[in-house]
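Have a look at the structure below, then the notes.
Here, each number is a calculation from the coordinates, and none is a lab measurement. If you're wondering where the values come from, they're calculated on a predicted model, not measured in any experiment. Cβ atoms come from the backbone with ideal geometry, glycine included; neighbour counts cover every protein chain shown.
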Amino acid sequence: MGSLSIWHLLIVLAVVMVLFGAGRIPRVMGDLAKGIKSFKAGMKDEEVAADDPAKRVEGGPTIDGKATPHTETTAPKA
């Protein structure tokens, strides 16, 4: 009752082929792969930005190419 036989898997495969068609499955898998690559690249960019303060938006490079330190501005206490 708890295991799948080869016949169950073949039926599932046949249903998937009928629903999506043979031509559409490679496109869907390609789009999925592009999405995963984009996600990994975004995660890598976030790690680099967290490690390198010069790449952060707040303390990013100026026009002359040198990094500016991120400083907080606070109102003077009266």
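Taking 0.36 nm per intervening residue step and subtracting the Cα-Cα distance, what contour gain separates residue 3 from residue 38 on full extension?
Fully extending the segment from residue 3 to residue 38 adds 9.0 nm.
For the residue pair residue 16 and residue 29, what label-to-label distance in nm results when each label sits 7 Å from Cα along the Cα-to-beta-carbon direction?
0.9 nm
Roughly how big is the stretch 1-54's charge dipole about its Cα centre, with Cβ charges of +1 (Lys, Arg) and -1 (Asp, Glu), in debye to the nearest 20?
Details: 6 positive and 6 negative charges, 98 e Å.
So the dipole magnitude of the stretch 1-54 works out to roughly 480 debye.
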